[in-house]
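As structure tokens, the structure follows; a few thoughts come after it.
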């Protein structure tokens, strides 16, 4: 029924066995203190290894960049050892996994930073409240990174990329979406800088370019991807001219020859964020010639239609993978999907419930 989804796809040096990618999903199950990946996380990813490629949950590159309770990091030796359990489990099942690299910028609350202000492109404040160990707290105004500090942050990405290689990943994806640090530099609503990192779209993409060049220096372009969210506001991060901004960003990705580009593009009736801002993927498709992965509220039928029409090369599925660890098998058989239970409460709760206790189609049939 969905043969198109099961055609192999080359993403640089990554040979995806199908076009059903697992989107990055924050789940908050790392061990504290230390933000360390653990055996339960290895089980979770092992269960989902039938994806053409797993893009890991967003993973902090540094203490400064991580502001989500029990999200994992990749800056310490202990974290590297924890991730080695995960990559080993995925590879034993014949799967492949890349690490999504995360700096949250102004979204990090001072609670995570010993009282220090978070950093961002400019001194701006995110709307709403942060999830912290002390409950929901108002975001605070970020401190603008000094021009000479930017190289330090790029260095943190490079160090994390080196650790990702030690951990056994198949590549890395830069998180450049959803209102986090890279996005804060990209968009003119949050980048008010007057130095070489601000002003024109080309200047605002400079941080993106420098980070990606650092990752390419570690991994090679054929094992580096990036995720962008080019249409609409997210966490108070917005842009007055998305075609100019994200056209420039796509040009960076094209010039560096990255393995793949993933776009999160909600529509006006999105179930997890919505916007009337037009999708930028048609424009980006004319600029970036490599594999394009689309994301947000796809059914398998819609995924097939967009791949066959040439609008993308693969689709990444997020929430469907939470409650359906064997999602490709269900698509192949046209089986009904299991609903997410206790959503969204179970997404971020500690423990196995709502995390590794979902039944596969094969297990369900055997129990009948």
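Tally time: how many residues in segment 197-242 are surrounded by fewer than 19 Cβ atoms within 10 Å (Cβ to Cβ) and in a strand (DSSP E or B)?
Total satisfying the criteria: 1.
Suppose we filter 124, 190 for residues that are in a loop (DSSP other than H, G, I, E, B) and under 26 Å from residue 251 (Cα atoms); which single one remains?
Working: 124 fails: under 26 Å from residue 251 (Cα atoms).
Exactly one residue qualifies, and that residue is 190.
So that you can scan it fast, the table gives a plain yes or no per residue for (1) under 24 Å from residue 17 (Cβ atoms); (2) touching a residue at least 12 places away in the same chain (Cβ under 8 Å); (3) touching a strand residue (DSSP E or B) at 6+ places or on another chain (Cβ under 6 Å):
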| position | (1), (2), (3) |
| --- | --- |
| 271 | no, yes, no |
| 312 | yes, yes, yes |
| 318 | yes, yes, no |
| 322 | yes, yes, no |
| 325 | yes, yes, no |
| 331 | yes, yes, no |
| 338 | yes, yes, no |
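Quick one: which of 94, 114, 82, 128 is out of contact with any helix residue (DSSP H, G or I) (no Cβ under 8 Å at 6 or more places or on another chain) and closer than 22 Å to residue 321 by Cβ? It would help to see each step written out before you state the result.
Working: 114 fails: closer than 22 Å to residue 321 by Cβ; 82 fails: out of contact with any helix residue (DSSP H, G or I) (no Cβ under 8 Å at 6 or more places or on another chain); 128 fails: closer than 22 Å to residue 321 by Cβ.
None of the others qualify; the one that does is 94.
Can you name the condition, by its number, that residue 107 falls short on among (1) free of Cβ contacts under 8 Å to residues at least 60 places away in the same chain; (2) out of contact with any helix residue (DSSP H, G or I) (no Cβ under 8 Å at 6 or more places or on another chain)?
Status for residue 107: all satisfied but (1).
Condition first: farther than 16 Å from residue 173 by Cβ and outside any helix (DSSP H, G or I). Can you find one or more residues in segment 244-255 that meet it?
no
Residues 50, 56, 62: which one is closer than 25 Å to residue 328 by Cα and either more than 19 Å from the chain's Cα centre (by Cα) or not in a strand (DSSP E or B) (or both)? Spell out how you get there, then give the answer.
Values: 56 fails: either more than 19 Å from the chain's Cα centre (by Cα) or not in a strand (DSSP E or B) (or both); 62 fails: closer than 25 Å to residue 328 by Cα.
Only one candidate qualifies: 50.
For segment 27-43, does any single residue satisfy the condition of being under 22 Å from residue 223 (Cβ atoms), in contact with a strand residue (DSSP E or B) (Cβ under 6 Å, 6 or more places away or on another chain) and in a loop (DSSP other than H, G, I, E, B)?
Checking segment 27-43: not a single residue is under 22 Å from residue 223 (Cβ atoms), in contact with a strand residue (DSSP E or B) (Cβ under 6 Å, 6 or more places away or on another chain) and in a loop (DSSP other than H, G, I, E, B).
So how many residues does segment 140-150 have that are in contact (Cβ under 8 Å) with a residue 12 or more places away in the chain and either over 17 Å from residue 196 (Cβ atoms) or assigned to a loop (DSSP other than H, G, I, E, B) (or both)?
5
Please specify each residue of segment 144-196 satisfying the condition of being over 22 Å from residue 123 (Cβ atoms), out of contact with any helix residue (DSSP H, G or I) (no Cβ under 8 Å at 6 or more places or on another chain) and surrounded by fewer than 24 Cβ atoms within 10 Å (Cβ to Cβ).
Hit for segment 144-196 is 159, nothing else.
So which of 65, 73, 28 ends up being in contact with a helix residue (DSSP H, G or I) (Cβ under 9 Å, 6 or more places away or on another chain) and over 17 Å from residue 156 (Cβ atoms)? Working first, answer last.
Values: 65 fails: over 17 Å from residue 156 (Cβ atoms); 73 fails: over 17 Å from residue 156 (Cβ atoms).
Only one candidate qualifies: 28.
What strands (runs of 3 or more DSSP E) completely inside segment 258-368 contain at least 3 residues that are farther than 19 Å from residue 2 by Cα and at pLDDT 90 or above?
Values: elements: 260-264, 292-295, 314-317.
Filter on segment 258-368 gives 260-264.
Looking at segment 1-23, I want the residues that are at pLDDT below 95 and have a partner that is assigned to a loop (DSSP other than H, G, I, E, B) with Cβ atoms under 8 Å, at least 6 apart or on another chain. Which pairs are those?
Within 8 Å, the pairs are 1/334; 2/334.
Scan segment 49-60 for residues that are more than 16 Å from residue 225 (Cα to Cα) and crowded, with 24+ Cβ neighbours inside 10 Å and jot them down.
So in segment 49-60, the residues more than 16 Å from residue 225 (Cα to Cα) come out as 49-51, 60.
Within segment 49-60, 51, 60 meet the criteria.
Only one of 43, 31, 26 is modelled with pLDDT of 95 or more, closer than 21 Å to residue 350 by Cα and within 18 Å of the chain's Cα centre (by Cα); which?
Numbers: 43 fails: within 18 Å of the chain's Cα centre (by Cα); 31 fails: within 18 Å of the chain's Cα centre (by Cα).
Residue meeting the stated conditions: 26.
Quickly run through segment 212-241 and pick out the residues that are closer than 18 Å to residue 292 by Cα and modelled with pLDDT of 95 or more.
Within segment 212-241, the first condition is being closer than 18 Å to residue 292 by Cα, and the residues that meet it are 212, 221-231.
Answer for segment 212-241, where residues must be closer than 18 Å to residue 292 by Cα and modelled with pLDDT of 95 or more: 212, 221, 222, 223, 224, 225, 226, 227, 228, 229, 230.
Just name the residue that is surrounded by the most Cβ atoms within 10 Å (Cβ to Cβ) out of those in segment 69-88 that are under 19 Å from the mean Cα position of the chain (by Cα) and part of a helix (DSSP H, G or I). Outline the logic, then answer.
In the first step, residues of segment 69-88 are kept if they are under 19 Å from the mean Cα position of the chain (by Cα); the result is 69-75, 79-80, 83, 86-87.
Still in the running and part of a helix (DSSP H, G or I): 79-80, 83, 86-87.
Values: 79: 23, 80: 21, 83: 28, 86: 26, 87: 24.
By that ranking, first place goes to 83.
Return the pair list, or none, for Cβ contacts closer than 7 Å from residues in segment 117-139 that are surrounded by 14 or more Cβ atoms within 10 Å (Cβ to Cβ) to residues that are at pLDDT below 95 and part of a loop (DSSP other than H, G, I, E, B), at least 6 apart or on different chains.
Short answer, once both residue conditions are applied: 131/69; 132/69.
The values are calculated or read from the model by the stated rules, or taken from the named source; none is laboratory data. Remember, predicted model here, so these are calculated numbers, not experimental data. All Cβ positions, glycine included, derive from the backbone under ideal geometry; neighbour counts span all protein chains shown.
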